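S.K.: I'd like to ask some things about the structure below.
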Amino acid sequence: MSITMPTRRQLLSMIGHAAGTTAMYQAMTSMGFAATSDYSGPIELAGSQGGTKVLILGAGLAGLTAAYELRKAGYDVKVLEYQNRGGGRSWTISGGDSFTELGGHDVDCTFEKGYLNPGPWRLPIHHYAVFDYCRKFNVPLQPFIMKNNKAYLHNSQAYGGKPQRIGDVETDIRGYTSELLAKSVQQGALDEQVSAEDQEKLLEGLKGWGVLDKNYRYVTSEAVGEHRGWDVLPGGGLMPKAEPSTPLDFGPLLNSGLWEQLYVFNEYVHAPAMFEPVGGMGRIGDAFTEQTRDLIRFNARVSKIEQNEGQVTVHYEDREGGGEVMQETADYCICTIPLSILAQLEIDVSDEMKRAIASVPYASAFKVALEFKRRFWEQDEWIVGGISYTDLPIKQIAYPSYDLFEDGPGVVQAAYDTYPTKNYTYTWNTLTPQERIEAALEFGSRIHPQYREEFISGTSCAWHRIPWTLGCYGQWTEELREEHYETLCEFDGRIALAGEHCSHIPAWQEGAILSGLDVIRRLDARVNA
Amino acid sequence: MKTAIAACFAMAFAASLAAQDLAETEGYEVELPSQDVATDKARLLEENSPEDSLREIIDRFSTHPDRFTQTSGEALYKTSCMGCHMPDGRGAEGAGHYPPLAGNPKLVSKYFIVTVLLTGYHGMPRFGDQMDDAQIAEVSNYVRTHFGNDYSDAVTAEDVSELR
């Protein structure tokens, strides 16, 4: 059989024709996001013999990776951080936490158990650097259930608004596409592409893959029951005879929009098995902070970054000491301040670098978590972990992968979206914390009617209301990267930038760590040149 | 036409930058109603039943996932700009700031705000792919005639189309 693999451009064009530009855009971003980490084990630096001083701005994962490794290699390191905590967006909100967001509203969390990871919340296995540091810093990890065939796909305009199980939709799509492909082969439509011998193998493969009957049709049968599930499950003794479930009709299924919702599971970054730290993603940020705490000055608001041929001088306000302006000098500065903020600061760099800093918009994103009196999604619907997807503005409901089958209250991530071309996430950012909870309850109750009855409390994060990021992450486009990315990552005199925005894995912790490692590798080479 | 508008934009932009510099050196202040969260909440509770409040929240979302479906400047402001520039248009301040739209001298030029909306500016995302010409015009006009702003040279959908 000779099938030529399509080029990336051809593939995008095919997707564009088949599913419209929205799907094409999603495919493009997912290709960009799916870049594999090239982490090749612990970094080895020549080190500093002369006490070279490095000032790091920002105690997120990029900054603290650099701080940890540079200190180990003998550098004199200091970190300035705006917040009173380290870890940056590697962050978990749990019961007892509270903060004031831009606009003046307080966000509280009163969860008895369970938490919200406002930023990163799941680790793909190819993010090798994250796992290596988790191992090194003893951060315990557990499986994260990304795909659960019992979770739902939901389109408010399809099936009378009734959600469908992921496994049903996927098995049916596979069945019908197999049936159609088999028909095409039998009708000679693929004679030019597939030899007669290969056609037989293809038909045989499709029969098993799609669970087709002897006439290559996808219809209910015992075999379909064994793949798709049962209306009456096989039982014991004299219990009723098993009855296989019945596939959804092809036309309505094709028009339901649910197939598109399945694409997310095909992405490399979402491939099983995925993992998460026990106790929340913030455990990673906490671990980095513990390793470097003595190097960090918290509550420091940077206002100006100067450099000359000999040194870098950073001006900052002590947010606790009545806004007193302080200075810190160093031989080099690694600046991980988000570009949304850095673009507003006075900084001595080239015009080209200034343009690069000002060019990257910050993506909108938000999450809402709700605490319920009982884990009704498990107890009533047998959804144990995983994620349901919907066309409603909440976009998805993620069920916890921890404390499974326990009695008592549980927390779901009840709303999350970040697609930069979609408008819902902007609207969520306009709502007050209380309004976000009410909206998440209203939309979610259309999928889980138990919501209102079981609700206890909620919390949220609207990233454009977070004072220390002004948005969620660097929203690159191919054009912007072409024009500005290299400039942004190169040293400008004694200053170099790092962070997820200086990586090809934006928004992921792996991108931040790799960026931090790459910048210190280059710094170390300069110092030892 | 496009060149003329671009030139005009550049001049107005330069003028507004100069105005900004002046304003900054002179420490300009704008008088605005105070932003009082508690009062806002009390007012909402007084005027609206819980059902009305919920309806207002749900209705703030567009009916299409890929583009804004609101048509009035006010509704568009409340479902997008307000996230950062806040209900009173005064922006906000953290590690960095969201600039106030209230009394912002850059709004002197109608072409400035349209260009910012179409292409993004500093960390601000672009809205040109989610709002059509009429929507960009409406929301620009809303901002330029509220929050203490009172500019009479309205943006038209044609202006937006020229700048795309």
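S.K.: Return the residue satisfying two criteria in turn: it lies in region B:75-91 and is farther than 19 Å from A:Leu342 by Cα and hydrophobic (A, V, I, L, M, F, W, C), and of such residues it is nearest to the chain's Cα centre (by Cα).
M.R.: Only one residue fits best here, namely B:Cys81.
S.K.: Here is a follow-up. Take the residues in region A:271-289 that are in a loop (DSSP other than H, G, I, E, B) and hydrophobic (A, V, I, L, M, F, W, C), then tell me which one is nearest to A:Ile93 (Cα to Cα).
M.R.: Looking at the filtered set, the residue picked out is A:Met281.
S.K.: Can you tell me which residues in region A:252-277 are farther than 21 Å from A:Ile387 by Cα and either of a type in the set (Lys, Arg) or open to solvent by less than 30 Å² (accessible area, probe 1.4 Å) (or both)?
M.R.: Matches in region A:252-277: none.
S.K.: Can you pull out the residues in region B:111-130 that are outside any loop (DSSP other than H, G, I, E, B), within 12 Å of chain A (Cβ to nearest Cβ) and surrounded by fewer than 21 Cβ atoms within 10 Å (Cβ to Cβ)?
M.R.: Once the filter is applied, which keeps residues that are outside any loop (DSSP other than H, G, I, E, B), within 12 Å of chain A (Cβ to nearest Cβ) and surrounded by fewer than 21 Cβ atoms within 10 Å (Cβ to Cβ), region B:111-130 yields B:Val116, B:Thr119, B:Tyr121.
S.K.: Filter region B:47-87 down to the residues that are within 7 Å of chain A (Cβ to nearest Cβ) and of a type in the set (Ser, Thr, Tyr) and list them by number.
M.R.: Scanning region B:47-87 gives B:Ser62, B:Thr79, B:Ser80.
S.K.: Right, next: Given the criterion at pLDDT below 95, within 14 Å of chain B (Cβ to nearest Cβ) and open to solvent by less than 20 Å² (accessible area, probe 1.4 Å), identify the matching residue among A:Ala27, A:Ala23, A:Ala19, A:Ala59.
M.R.: The match here is A:Ala23.
S.K.: Being in contact with a Leu (Cβ under 7 Å, 6 or more places away or on another chain) and of a type in the set (A, V, I, L, M, F, W, C) is the filter here, so list the residues in region A:263-277 that pass it.
M.R.: A:Met274, A:Phe275
S.K.: Follow-up question, since we're still on this one. Looking at A:Val211, A:Val219, which is the one that is at pLDDT 95 or above and either open to solvent by 40 Å² or more (accessible area, probe 1.4 Å) or out of contact with any His (no Cβ under 7 Å at 6 or more places or on another chain) (or both)?
M.R.: The match here is A:Val219.
S.K.: Right, another one. Filter region B:88-103 down to residues that are open to solvent by 10 Å² or more (accessible area, probe 1.4 Å) and in contact (Cβ under 8 Å) with a residue 40 or more places away in the chain and give me whichever is farthest from the other protein chains (Cβ to nearest Cβ).
M.R.: The extreme case among them is B:Gly103.
S.K.: Select from region B:131-148 the residues that are touching a His at 6+ places or on another chain (Cβ under 9 Å) and open to solvent by 20 Å² or more (accessible area, probe 1.4 Å) and list them in ascending order.
M.R.: B:Phe147
S.K.: Name the single residue, out of those in region A:381-405 being at negative phi and within 14 Å of another protein chain (Cβ to nearest Cβ), that is surrounded by the most Cβ atoms within 10 Å (Cβ to Cβ).
M.R.: Across region A:381-405, the extreme among qualifying residues is A:Ile394.
S.K.: Which ones in region B:57-77 are hydroxyl-bearing (Ser, Thr, Tyr) and touching a residue at least 40 places away in the same chain (Cβ under 8 Å)?
M.R.: Result: B:Thr71, B:Ser72, B:Tyr77.
S.K.: Name the one entry in A:Val349, A:Val384 that is part of a loop (DSSP other than H, G, I, E, B), over 30 Å from A:Lys150 (Cα atoms) and at pLDDT 95 or above.
M.R.: Of A:Val349, A:Val384, the one residue that is part of a loop (DSSP other than H, G, I, E, B), over 30 Å from A:Lys150 (Cα atoms) and at pLDDT 95 or above is A:Val349.
S.K.: Could you tell me how many of the residues in region A:290-336 are open to solvent by less than 70 Å² (accessible area, probe 1.4 Å), part of a loop (DSSP other than H, G, I, E, B) and closer than 27 Å to A:Asn528 by Cβ?
M.R.: So the count comes out to 3.
S.K.: In region A:358-380, what residues are among the small types (Gly, Ala, Ser), open to solvent by less than 10 Å² (accessible area, probe 1.4 Å) and within 14 Å of chain B (Cβ to nearest Cβ)?
M.R.: Those that are among the small types (Gly, Ala, Ser), open to solvent by less than 10 Å² (accessible area, probe 1.4 Å) and within 14 Å of chain B (Cβ to nearest Cβ): A:Ala363, A:Ser364, A:Ala365.
S.K.: Among what's in region A:427-444 and is open to solvent by 10 Å² or more (accessible area, probe 1.4 Å) and within 7 Å of another protein chain (Cβ to nearest Cβ), pick the residue that is farthest from A:Ser388 (Cα to Cα).
M.R.: Per the criteria, the residue is A:Glu435.
S.K.: Could you check how many residues of region A:107-117 are part of a strand (DSSP E or B) and within 21 Å of A:Met146 (Cβ to Cβ)?
M.R.: 2
To keep it simple, each residue is scored yes or no on (1) open to solvent by less than 10 Å² (accessible area, probe 1.4 Å); (2) without any contact (Cβ under 8 Å) to a residue 60 or more places away in the chain; (3) of a type in the set (Ser, Thr, Tyr).
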{"residue": "A:Thr459", "(1), (2), (3)": "yes, no, yes"}
{"residue": "A:Tyr473", "(1), (2), (3)": "no, no, yes"}
{"residue": "A:Trp476", "(1), (2), (3)": "no, no, no"}
{"residue": "A:Glu479", "(1), (2), (3)": "no, yes, no"}
{"residue": "A:Arg494", "(1), (2), (3)": "no, no, no"}
{"residue": "A:His504", "(1), (2), (3)": "no, no, no"}
{"residue": "A:Trp508", "(1), (2), (3)": "no, no, no"}
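S.K.: A further question follows. Can you find a residue in region A:204-226 that is out of contact with any Lys or Arg (no Cβ under 7 Å at 6 or more places or on another chain) and touching a residue at least 60 places away in the same chain (Cβ under 8 Å)?
M.R.: Within region A:204-226, none of the residues are out of contact with any Lys or Arg (no Cβ under 7 Å at 6 or more places or on another chain) and touching a residue at least 60 places away in the same chain (Cβ under 8 Å).
S.K.: Next question, about the same structure. A:Asn299 is checked against (1) farther than 16 Å from B:Glu93 by Cβ; (2) out of contact with any helix residue (DSSP H, G or I) (no Cβ under 8 Å at 6 or more places or on another chain) and fails just one. What number does that condition carry?
M.R.: Unmet condition: (1).
S.K.: Among the candidates A:Glu500, A:Glu486, A:Glu454, which residue alone is open to solvent by 40 Å² or more (accessible area, probe 1.4 Å) and at pLDDT 95 or above?
M.R.: Within the list A:Glu500, A:Glu486, A:Glu454, the selection yields A:Glu486.
S.K.: Would region A:36-54 turn up any residue that is closer than 23 Å to A:Cys472 by Cβ, at pLDDT 95 or above, open to solvent by less than 10 Å² (accessible area, probe 1.4 Å) and not in a loop (DSSP other than H, G, I, E, B)?
M.R.: no
S.K.: Moving on to the next point. From the set of residues in region A:118-140 that are open to solvent by less than 10 Å² (accessible area, probe 1.4 Å) and in a loop (DSSP other than H, G, I, E, B), which is farthest from A:Glu267 (Cα to Cα)?
M.R.: A:Pro118
S.K.: Within region B:92-124, how many residues turn out to be more than 13 Å from the chain's Cα centre (by Cα) and within 22 Å of B:Ala75 (Cβ to Cβ)?
M.R.: Residues that pass the stated criteria total 1.
S.K.: Okay, next question. For region A:341-356, enumerate the residues that are more than 18 Å from A:Val312 (Cα to Cα), buried (at least 17 other Cβ atoms within 10 Å of the Cβ) and more than 11 Å from every other protein chain (Cβ to nearest Cβ).
M.R.: A:Ala356, the sole residue that qualifies.
S.K.: Right, A:Glu260: within 30 Å of A:Ile505 (Cβ to Cβ), within 14 Å of another protein chain (Cβ to nearest Cβ) and in a helix (DSSP H, G or I) or not?
M.R.: The answer is yes for A:Glu260.
The values are calculated or read from the model by the stated rules, or taken from the named source; none is laboratory data. Nothing here was measured: the structure is a model prediction, and the numbers come from that model. Please note: Cβ atoms are built from the backbone with ideal geometry, for glycine as well, and neighbour counts cover all protein chains shown. The area values use the complete protein model at the heavy-atom level, side chains included, leaving out ligands, DNA and RNA. Shrake-Rupley method; radii C 1.70, N 1.55, O 1.52, S 1.80 Å.
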